[in-house]
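Trainee: I have a structure here, written as structure tokens, and I will follow up with some questions on it.
The values are calculated or read from the model by the stated rules, or taken from the named source; none is laboratory data. For clarity, every value in this text was computed on a predicted model and none was experimentally measured. As a convention, Cβ positions derive from the backbone with ideal geometry for all residues, glycine included, and neighbour counts pool all protein chains shown. Surface accessibility is based on the protein's heavy atoms, side chains included, excluding ligands, DNA and RNA. Shrake-Rupley method; radii C 1.70, N 1.55, O 1.52, S 1.80 Å.
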Amino acid sequence: MSQAFAHTQEALRALAQDVLDYAASRGATACEVDVSEGSGQSVSVRRQEVETIEYNRDKGLGISVYIGQRRGHASSSDFSSAATRASVDAALSIARFTAEDDCAGLPDAKLLQKKEMDLDLFHPWNISVEDSIDLARCCEQAAFDVSPMVKNSEGATISAQQSHFVSANSLGFMGGFATSRHYISCSVIAGEGDDMQRDDWYATRRDAAGFPDAARIGDYAARRALARLGSRKLKTRKCPVIFEAPLASGLIGSFVHAISGGALYRKTSFLLDSLGKKLFPDFVEISERPHIRGGFASSPFDDDGVATRDREVVKNGVLQGYFLSSYSARKLGMQTTGNAGGSHNLLVQPGRHDLKGLLREMGSGLLVTELLGQGVNYVTGDYSRGAAGYWVEKGEIAYPVEEITIAGNLREMLRGIVAIGNDIEVRGSKQVGSILVERMTIAGN
């Protein structure tokens, strides 16, 4: 275990067990506890001068107790025996004054994760502050070296983060592991006068050994900013739209939100009662793979302790399953899918084209590389976001565009996917290439 942690896994497990034992002694009929600790270091450089050096260290304890089907929750950042027992007592007090909920309670014991599983998620990056500064300077300088038109910088950042946790409940489940996540980023400003544009790029890894050269990240951030110089507005029109891969993951994220238990049982989703229905074209396949070694959303169990498993979420365009926790599944009269806390490594089957190939397939239309605002109505599916990117003619980028809005309806957008690229940029729980949507409204001049 990294020296950056003040507590060992064994200490966290002992603390979790003490909470469970004390809760039982105080009259709780069931209890679940999460104990976590994290630490990290981030260094930012702007115009080659050190701007910030930040250290973070945090820890937390979350306790949920049940008296029958009355639930109480309390939390603390103090791991002392007195503080943890006070938190249990507070949770019990809350439970006594809470209304009964016939869906409350721990998951079914038979669904809990039984075996330990090493998914290779922990690779601490023991980089010194001095080396972080040098790496950030290298990244930023590479951006300035691209062109004298790169006039300014919002900075380059090197961040190394690690954490570990233990989850346990009174059904005998106890599991936990350590994870790491690091990133290198650069954001620069190109141009002068009234024509100035900003863009950025970053890479994130569990293992720093897998990073691309920092100079490449700075170089690409600069080229993206330079490519946006001379941006124009568009006249209002309807046309095909390509969501660049980093933004396409957000489109898939909207779909996931709409078929997640909380939105479904509250009836705040435009995809109510969609199980078994065709939501995408035939070629769209979405798989969940929780056990990918080193994956950003890999885990042997979900936040309830339920064992995760491989499954097909969308097959031949048809929805095969929702994303349910134990609680939301009970509210819907269904069984948990092992998704308390969210999805695990969603893989969208890529097509045969890279981004250039998608541009050629689109012919004329809009390539979106930046989205602004949060204009998604999950009740109706209406979608409206500020955007910037590039107008494409005959399969080639013609000129950059800005100050436009793209609008549509998510149900129609998902059904109107024409192609999915193979230009996957792995940054989180959703792995998907750029997505070409057949038709959206572009609001401009």
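Trainee: Read through the list (1) under 27 Å from the mean Cα position of the chain (by Cα); (2) open to solvent by 40 Å² or more (accessible area, probe 1.4 Å), then give the number of the only condition that D145 fails.
Mentor: (1)
Trainee: Return the pairs, sorted by first residue and then second, in which the second residue is surrounded by 19 or more Cβ atoms within 10 Å (Cβ to Cβ) and part of a loop (DSSP other than H, G, I, E, B), the first residue lies in the range 276-298 and is acidic (D, E), the beta carbons are less than 7 Å apart, and the residues are 6+ apart or on different chains.
Mentor: Correct list of pairs: E288/S343; E288/H344; E288/N345.
Trainee: Assuming T84 fulfils every condition listed in (1) assigned to a loop (DSSP other than H, G, I, E, B); (2) in contact (Cβ under 8 Å) with a residue 60 or more places away in the chain; (3) polar (S, T, N, Q) apart from one, which condition is it?
Mentor: That leaves (1) as the condition not met.
Trainee: While we're looking at this one, here's another question. Filter the range 158-185 down to residues that are open to solvent by less than 20 Å² (accessible area, probe 1.4 Å) and of a type in the set (S, T, N, Q) and give me whichever is farthest from R293 (Cα to Cα).
Mentor: Looking at the filtered set, the residue picked out is N169.
Trainee: Is it the case that some residue within the range 53-75 is closer than 25 Å to S132 by Cβ and in contact with a helix residue (DSSP H, G or I) (Cβ under 7 Å, 6 or more places away or on another chain)?
Mentor: Among the residues of the range 53-75, at least one is closer than 25 Å to S132 by Cβ and in contact with a helix residue (DSSP H, G or I) (Cβ under 7 Å, 6 or more places away or on another chain), which makes the answer yes.
Trainee: Please state which one of G317, G351 is touching a helix residue (DSSP H, G or I) at 6+ places or on another chain (Cβ under 9 Å), farther than 30 Å from S64 by Cα and at pLDDT 95 or above.
Mentor: Exactly one residue qualifies, and that residue is G317.
Trainee: Still on this structure: Please pick out the residue among G155, G175 that is at positive phi, outside any loop (DSSP other than H, G, I, E, B) and touching a strand residue (DSSP E or B) at 6+ places or on another chain (Cβ under 7 Å).
Mentor: Every option except G155 fails the conditions.
Trainee: In this structure, does E438 turn out to be out of contact with any Leu (no Cβ under 8 Å at 6 or more places or on another chain), over 24 Å from T204 (Cα atoms) and either acidic (D, E) or modelled with pLDDT of 95 or more (or both)?
Mentor: It is true that E438 is out of contact with any Leu (no Cβ under 8 Å at 6 or more places or on another chain), over 24 Å from T204 (Cα atoms) and either acidic (D, E) or modelled with pLDDT of 95 or more (or both).
Trainee: When you scan the range 90-108, how many residues do you find that are open to solvent by less than 50 Å² (accessible area, probe 1.4 Å), touching a residue at least 24 places away in the same chain (Cβ under 8 Å) and assigned to a helix (DSSP H, G or I)?
Mentor: The number of residues fulfilling the criteria is 3.
Trainee: Report the residue count in the range 109-140 for those that are more than 23 Å from I292 (Cβ to Cβ) and either part of a loop (DSSP other than H, G, I, E, B) or without any contact (Cβ under 8 Å) to a residue 60 or more places away in the chain (or both).
Mentor: Residues that pass the stated criteria total 7.
Trainee: Count, please, the residues in the range 56-81 that happen to be outside any helix (DSSP H, G or I) and under 30 Å from G40 (Cα atoms).
Mentor: Residues in the range 56-81 being outside any helix (DSSP H, G or I) and under 30 Å from G40 (Cα atoms): 17 in total.
Trainee: Looking at (1) in a loop (DSSP other than H, G, I, E, B); (2) open to solvent by less than 60 Å² (accessible area, probe 1.4 Å); (3) acidic (D, E), which is the one condition that is false for E370?
Mentor: The one condition E370 does not meet is (1).
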